[in-house]
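Worksheet: the structure to be examined is printed underneath.
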Amino acid sequence: MTKPVPRVFSGVQPTGNLHLGNYLGAITRFVDMQKSHACIYCVVDLHAITVWQEPKELAHNTREVTAAFLAAGIDADKHIVFNQSQVPQHAELAWIFNCVARMGWLNRMTQFKEKAGKDSENSSVGLFSYPNLMAADILAYRATHVPVGEDQKQHLELSRDIAQKFNNDFAKSIREAGYEDGFFPLPEPLISGPATRVMSFKDGTKKMSKSDPSDLSRINLTDDADAIARKIRKAKTDPDALPSEPDGLKDRPEAANLVGIYAALEGESVEQTLKTHGGGQFSSFKPALADLAVAKLGPIGEEMNRMMADKAYIDGVLKTGAEKARTIAAPVYEEVKKIVGFIR
């Protein structure tokens, strides 16, 4: 176990109402990565409770994310799919990292400032130390690669800092345990092509979000074909024709959003999409986009709904995944306890 096995770790919060942005920005990348990497995909329910969650809703949302993983094509037999709270090593290692990380590092985390807002004094301690738990999620498996979006890059950098400081702080113990190059790897960001940034159908300058009060602002993964088509039909656009080159989308956020969604769903570049549809009006492009979205998302939504009706199946997948995760994380944490000096 001296050298880490090349391994990908990523997690998704069970916050409900998974939408097209989650699918194109994360889940499709997870499906692609399992073709070339050993992957661990975690529903991070411990992270979710850094802000208040209604317990029954949290359980429902955890199953929904799992169903989305499976329906989209993640293979839970060949890879690992589980929910975080079933593997205690995440929380136990996070405590050690609470004692390794520095307050100044966490004070620089911009996501805490954004989520806590002006009332940071009333935020949970968990929300503040969230990045330490994220580091534990990754390093409990000595994962070498992590797919990250723009909003998570800073947290991955902190994970690397924590791994480096742990390796430095306990260098003597680590060498005595037989690890010449440090115990924890410094996880690398995994970039698998440009991530699709999906914006609201009501405002092309804002990200698609489950918290938007208008359901017309997003396509939920469980929407049926009629709902998908209706939302695309009502999506905000501008009166001009589609350009033939990407430069023509500048300062046209709604047009850029719909073209980007089409390209991502079709698996082609924006240039290719505009080569086909450039010069046309939205009155013809929107129906084409709706047909494509229904063809790609409809089967996923149907499969998610089928799985959600069988809680025992989803719970079984998570239980089996947690057992497989623990076989990796438990020996890692046992080594950490030895390195730190805990009597076992």
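Structural remarks
- Residue among 306, 326, 344 that is touching a Lys or Arg at 6+ places or on another chain (Cβ under 7 Å) and either in a helix (DSSP H, G or I) or farther than 14 Å from residue 59 by Cα (or both): 344
- Count - residues of the range 62-111 that are assigned to a strand (DSSP E or B) and touching a Leu at 6+ places or on another chain (Cβ under 6 Å): 2
- Filtered residues of the range 308-336 (kept if without any contact (Cβ under 8 Å) to a residue 12 or more places away in the chain and either closer than 30 Å to residue 172 by Cβ or under 20 Å from the mean Cα position of the chain (by Cα) (or both)): 327, 334
- With respect to (1) among the hydrophobic types (A, V, I, L, M, F, W, C); (2) over 20 Å from residue 134 (Cα atoms); (3) in a helix (DSSP H, G or I); (4) in contact with a strand residue (DSSP E or B) (Cβ under 8 Å, 6 or more places away or on another chain), the lone exception for residue 26 is condition (2).
- Given (1) of a type outside the set (S, T, N, Q); (2) surrounded by 15 or more Cβ atoms within 10 Å (Cβ to Cβ); (3) farther than 13 Å from residue 294 by Cβ, index of the condition residue 268 fails: (2)
- Inspection of the range 209-230 identifies no residue that is over 30 Å from residue 63 (Cα atoms) and touching a helix residue (DSSP H, G or I) at 6+ places or on another chain (Cβ under 9 Å).
- Residue among 314, 328, 232, 339 that alone is in contact with a Ser or Thr (Cβ under 6 Å, 6 or more places away or on another chain), modelled with pLDDT of 95 or more, of a type in the set (A, V, I, L, M, F, W, C) and within 29 Å of residue 69 (Cβ to Cβ): 314
- Taking the numbered list (1) in a loop (DSSP other than H, G, I, E, B); (2) without any contact (Cβ under 8 Å) to a residue 40 or more places away in the chain in turn, residue 59 passes all entries but (1).
- Taken over the range 146-157, residues that are modelled with pLDDT of 90 or more and either of a type in the set (Phe, Trp, Tyr) or surrounded by 21 or more Cβ atoms within 10 Å (Cβ to Cβ) (or both) amount to 1.
- Of all the criteria given as (1) closer than 17 Å to residue 328 by Cβ; (2) surrounded by 17 or more Cβ atoms within 10 Å (Cβ to Cβ), the one not satisfied by residue 77 is (2).
- Boolean, residue 12 is within 21 Å of residue 315 (Cβ to Cβ) and touching an Asp or Glu at 6+ places or on another chain (Cβ under 9 Å): no
- Exactly one residue out of 301, 321, 279 is crowded, with 17+ Cβ neighbours inside 10 Å, not charged (D, E, K, R) and not assigned by TED's automatic domain parsing to the domain that holds residue 65: that is 301.
- Annotation: of all residues in the range 32-56 being surrounded by 15 or more Cβ atoms within 10 Å (Cβ to Cβ) and assigned to a helix (DSSP H, G or I), the one that is modelled with the lowest pLDDT is 33.
- Taking (1) surrounded by fewer than 16 Cβ atoms within 10 Å (Cβ to Cβ); (2) under 22 Å from residue 275 (Cα atoms) in turn, residue 211 satisfies each apart from (2).
- Failed condition for residue 206, given (1) surrounded by 17 or more Cβ atoms within 10 Å (Cβ to Cβ); (2) closer than 15 Å to residue 255 by Cα: (1)
- There is at least one residue in the range 239-250 that is in contact (Cβ under 8 Å) with a residue 40 or more places away in the chain and not assigned by TED's automatic domain parsing to the domain that holds residue 137.
- Unique match (being touching an Asp or Glu at 6+ places or on another chain (Cβ under 9 Å), buried (at least 20 other Cβ atoms within 10 Å of the Cβ) and under 23 Å from residue 92 (Cβ atoms)) among 177, 135, 163: 135
The values are calculated or read from the model by the stated rules, or taken from the named source; none is laboratory data. Note that the structure is predicted; figures quoted are calculated from it, not measured. Counting neighbours? That spans all protein chains shown, and the Cβs are built from the backbone with ideal geometry, glycine included.
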